[in-house]
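Student: Input: one structure, supplied below.
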There are 2 protein chains.
Amino acid sequence: MATNGEAVRVIAGWACPYAIRVFAALKLKGVEYEFLQEPAGRKSELLLKSNPVYKKIPVLLHHGTPICESMIIIQYIDEVWASSGTTAILPAEPYARAIERFWAQYVDDKIAPAFLVLRGLTKGDKDEAEAQVSTALQHLEEAFVKCSQGKHYFGGDNIGFLDLVLGSHLGWFKAVEKIAGIKVLDEAKYPEITAWADRFCAHHAVKEVMPETDRLVEFSANSAVKAKASN
Amino acid sequence: MATNGEAVRVIAGWACPYAIRVFAALKLKGVEYEFLQEPAGRKSELLLKSNPVYKKIPVLLHHGTPICESMIIIQYIDEVWASSGTTAILPAEPYARAIERFWAQYVDDKIAPAFLVLRGLTKGDKDEAEAQVSTALQHLEEAFVKCSQGKHYFGGDNIGFLDLVLGSHLGWFKAVEKIAGIKVLDEAKYPEITAWADRFCAHHAVKEVMPETDRLVEFSANSAVKAKASN
């Protein structure tokens with residue numbers, strides 16, 4: 001059940017990992033969508049109306065009805081367009097679903113806040129943040145071996161839920177390396193994740209929506225200036 | 001597909017809301033389970049082995065395989081015992097699922113941390129914490145009207161996902177009222193939620209697992225003493 005662009009709109013920002021995973025999920029399912037870029041430095045009326053509780057991007061508008069929170073949106077997409085695209089995003093088997101949900105939540109709990117510290121956008125010890133990312137990647141390296149079972153993705157032969165959630169941060173992996181002057185994705189330490197990251201970023205559903213490193217570095221510098229100015 | 005007690009075990013604490021929702025979900029499905037009470041003040045070897053990442057309760061052990069994080073556990077229970085008990089825990093329709101997931105996450109984001117402040121277990125402004133709970137209940141009062149559509153529960157005729165997630169905090173609603181000397185669940189402000197709370201606590205799947213207020217107050221006092229001693 002592919003649909004036209006009007007039926008599906010995404011209020012988002014091009015640099016936001018939570019939005020990138022939604023775009024990639026829609027592309028996996030072959031669903032056309034309209035991207036509504038949030039203005040810089042303020043929140044649009046449409047966003048405030050669509051997500052009055054958190055006032056955060058991304059929001060999926062499906063025939064005008066808002067769905068909020070990126071992981072909830074991806075599950076919604078998977079359930080609505082169950083027979084579209086290459087495959088299901090979440091596996092069918094309950095234990096495999098639980099494992100992907102567990103690690104996906106872990107990624108957003110550990111990697112996302114550490115990156116904000118490393119980008120200088122939230123307070124915190126940068127060495128601790130770097131150590132937290134490193135511990136997370138060690139766990140994910142092991143998780144990849146278990147989940148992928150020798151195949152290309154956490155989801156097996158195809159990109160799945162955990163691939164989207166971790167993969168949507170990959171643009172920022174490279175940008176954070178430049179911003180903080182550290183090595184995030186060390187091939188010697190995390191050979192499986194490093195190889196997976198290359199495959200993920202080369203996938204047709206991801207290539208178009210994954211931002212370039214230099215654009216992210218510039219975006220982050222502007223955000224840091226704004227954060228400083230508002231203190 | 002009911003099962004015997006050996007097949008399903010839950011590492012948990014009797015006072016923990018995240019555990020109470022898992023117990024209630026298993027009872028809804030008619031699944032027998034063994035409750036493995038975590039010892040006070042230390043973490044069991046079984047817990048450390050079963051949840052090495054977060055080292056937190058509850059953990060569901062299904063034929064020995066650990067599943068962690070309460071909302072993930074409930075979805076696992078719903079998917080494994082799909083045809084057991086009175087009904088499905090999550091609705092079938094994708095939008096209804098997304099809405100229950102959204103408010104469930106909101107409950108744990110807003111109510112749970114505010115209660116820790118009101119119990120004196122984490123630092124924070126108690127007036128702000130009370131206001132946060134109040135705002136959350138206003139949102140949930142409106143959400144109840146939309147989700148229940150005139151029926152008894154957020155899930156409609158039967159207890160569903162959001163019922164379990166919010167309902168598992170209800171023991172602490174009353175305990176926090178005693179501990180902090182405030183009114184949490186004001187019938188005049190939140191008539192729908194107040195009536196729902198009574199129905200939820202009287203349900204056969206909940207009655208046995210919902211702790212008594214005085215026991216929770218005593219438990220909290222002991223936790224506060226321990227927290228102070230370890231500072």
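The values are calculated or read from the model by the stated rules, or taken from the named source; none is laboratory data. Because the structure is a prediction, the values reported are computed rather than measured. Cβ: placed from backbone, ideal geometry, glycine included. Neighbour counts: every protein chain shown. Remember, those area values only see protein heavy atoms, side chains included, never the ligands or the DNA or RNA. Shrake-Rupley method; radii C 1.70, N 1.55, O 1.52, S 1.80 Å.
Student: Treating the stretch B:8-80 as a set of equal point scatterers at the Cα positions, no solvent, please give the Debye-formula log₁₀ I(q)/I(0) at q = 0.12 Å⁻¹.
Tutor: -0.26
Student: Also, quick follow-up: With a cap of 13 neighbouring Cβ atoms within 10 Å, and only residues DSSP puts in a loop, list the GluC sites (Glu not before Pro) found in the stretch B:183-213.
Tutor: Values: sites: B:Glu187, B:Glu192, B:Glu208, B:Glu212; in loops: B:Glu187, B:Glu208, B:Glu212.
Listed in order of number, the matching sites are B:Glu187, B:Glu208, B:Glu212.
Student: Still on this model: What does the accessible area of A:Ile99 come to, in Å² to the nearest 10, when a probe of 1.4 Å is used?
Tutor: Accessible area of A:Ile99: about 40 Å².
Student: Suppose R0 equals 35 Å; then what is the FRET efficiency for A:Arg199 and B:Lys55 from their Cβ-Cβ distance, rounded to the nearest 0.05?
Tutor: Details: r = 32 Å, r/R0 = 0.93.
Efficiency computed from Cβ-Cβ geometry: 0.60.
Student: Averaged across the residues of B:92-105, what count of C-beta atoms belonging to other chains lies within 10 Å of each residue's C-beta?
Tutor: Values: counts 1, 2, 10, 6, 0, 4, 14, 5, 1, 7, 10, 1, 1, 5.
Mean number of neighbouring Cβ atoms from other chains: 5.
Student: Still on this structure, please answer the following. Which residues among the stretch B:57-83 fall inside the zone where the amide N is under 16 Å from a point 7 Å beyond the Cα of B:Ser44, along Cα→Cβ?
Tutor: Residues passing the 16 Å test: B:57-69.
Student: Now a separate question. For A:Asn222, go 7 angstrom from Cα along the Cα-to-Cβ vector, then report the distances to that same point in the other copies in nm, smallest first.
Tutor: Copy-to-copy label distances for A:Asn222: 5.6 nm.
Student: Here's another thing I want to ask about it. Under a point spin-label approximation (7 Å from Cα along Cα-to-Cβ), what is the A:Gln37-B:Glu142 distance to one decimal in nm?
Tutor: With each label point 7 Å from Cα toward Cβ, the separation is 3.1 nm.
Student: Please report the antiparallel percentage of DSSP beta bridges with both residues in chain B, rounded to the nearest 5. Write down the numbers at each step before the final one.
Tutor: Numbers: 9 of 13 bridges.
Beta bridges within chain B, antiparallel portion: roughly 70 percent.
Student: What helices does chain B hold that run 27 Å or longer along their axis, going by alpha-carbon atoms, with a Kyte-Doolittle average of 0.0 or more, using DSSP H for the helix calls? Show your work: numbers first, answer last.
Tutor: Values: long enough: B:94-118 (36 Å, 0.24); B:126-148 (32 Å, -0.40).
TM-like helix candidates: B:94-118.
Student: Can I ask one more? Using the structure shown, select from A:Lys43/A:Lys226; B:Lys56/B:Lys126; B:Lys29/B:Lys207 the pairs with a Cα to Cα distance greater than 20 angstrom. It would help to have the intermediate numbers written out before the result.
Tutor: Values: A:Lys43/A:Lys226 15 Å; B:Lys56/B:Lys126 26 Å; B:Lys29/B:Lys207 15 Å.
Long pairs (Cα-Cα over 20 Å): B:Lys56/B:Lys126.
Student: If exposed chymotrypsin sites (Phe, Trp or Tyr not before Pro) are those in a DSSP loop with at most 16 other Cβ within 10 Å, what is the longest stretch of chain B that has none? Mind dumping the intermediate values first?
Tutor: Details: sites that count: B:Trp14, B:Tyr54.
For chymotrypsin sites (Phe, Trp or Tyr not before Pro) (loop position, at most 16 other Cβ atoms within 10 Å), the longest site-free span of chain B is B:55-231.
Student: Please work out how much length the chain gains when fully extended from A:Lys123 to A:Glu212, using 0.36 nm per residue of separation minus the C-alpha to C-alpha distance, in nm with one decimal. Show your work: numbers first, answer last.
Tutor: Numbers: separation 89, 0.36 × 89 = 32.04 nm, distance 2.58 nm.
Full extension of this stretch gives 29.5 nm more.
Student: Decide, for chain B, between rounded, prolate and oblate: order the square roots of the alpha carbon gyration tensor eigenvalues as a ≥ b ≥ c, take rounded if a/c falls under 1.5, and otherwise choose prolate if a/b is larger than b/c, else oblate.
Tutor: Numbers: a/c = 1.80, a/b = 1.04, b/c = 1.72.
Oblate is the answer for chain B, as a/c is 1.5 or above yet b/c matches or exceeds a/b.
Student: If you rank B:His63, B:His204 by how much accessible surface each has, with a 1.4 Å probe, what is the order from largest down?
Tutor: So the residues, ranked largest to smallest area, are B:His63, B:His204.
Student: Between chains A and B, what is the buried accessible area in Å², counting both sides, with a 1.4 Å probe and ligands, DNA and RNA left out, to the nearest 100? Don't skip to the end; give the middle numbers.
Tutor: Details: alone 11770 and 11750 Å², together 21310 Å².
Roughly 2200 Å² of accessible surface disappears when A and B pair.
Student: Taking Rh as the Kirkwood radius computed over C-alpha pairs, what is the Stokes-Einstein D of the stretch A:94-221 at 4 °C in a medium of viscosity 1.567 mPa s, expressed in µm² per second? Could you put the intermediate results ahead of the total?
Tutor: Numbers: Rh = 14.9 Å.
This corresponds to a translational diffusion coefficient of 87 µm²/s.
Student: Hey, which aspartates and glutamates would be in cross-link range of A:Lys27, C-alpha to C-alpha under 19 Å, not counting anything within fewer than 8 residues on its own chain?
Tutor: A:Glu6, A:Glu69, A:Asp78, A:Glu79, A:Asp157, A:Asp163, A:Asp198, A:Glu208, A:Glu212
Student: Another question about this same structure. What is the mean number of Cβ atoms from other protein chains located within 10 Å of the Cβ atom of each residue in peptide B:70-83, rounded to a whole number?
Tutor: On the way: counts 0, 2, 8, 2, 0, 5, 7, 2, 1, 6, 4, 1, 1, 0.
Mean inter-chain Cβ contacts per residue within 10 Å come to 3.
Student: Also: Carbon and sulfur atoms: what percent of the 1.4 Å accessible area of chain B do they account for?
Tutor: Numbers: 5410 of 10650 Å².
Ligands and nucleic acids excluded, carbon and sulfur give 51 percent.
Student: Using the heavy atoms of the protein chains and a 1.4 angstrom probe, tell me the accessible area per residue for the protein assembly as shown in square angstrom. Could the numbers behind the result be given before it?
Tutor: Details: 21310 Å² over 462 residues.
On a per-residue basis, the protein assembly as shown sits at 46 Å².
Student: So what does log10 I(q)/I(0) come out to for the stretch A:115-160 at q = 0.13, 0.18 Å⁻¹, using the Debye formula with one equal point on every Cα and no solvent?
Tutor: -0.43, -0.63
Student: Using the Cα centre of the stretch A:94-221 as the reference point, and only Cβ charges (+1 on K/R, -1 on D/E), how large is the resulting charge dipole? Debye, rounded to the nearest 20.
Tutor: In debye, rounded to 20, the stretch A:94-221 gives about 180.
Student: So what is the orientation-averaged projected area of the protein assembly as shown, using the convex hull of its C-alpha atoms, in nm²? Present the calculation step by step, with values, prior to reporting the outcome.
Tutor: On the way: hull surface 89.3 nm².
Computing the convex hull of the Cα atoms and averaging its projections yields 22.3 nm².
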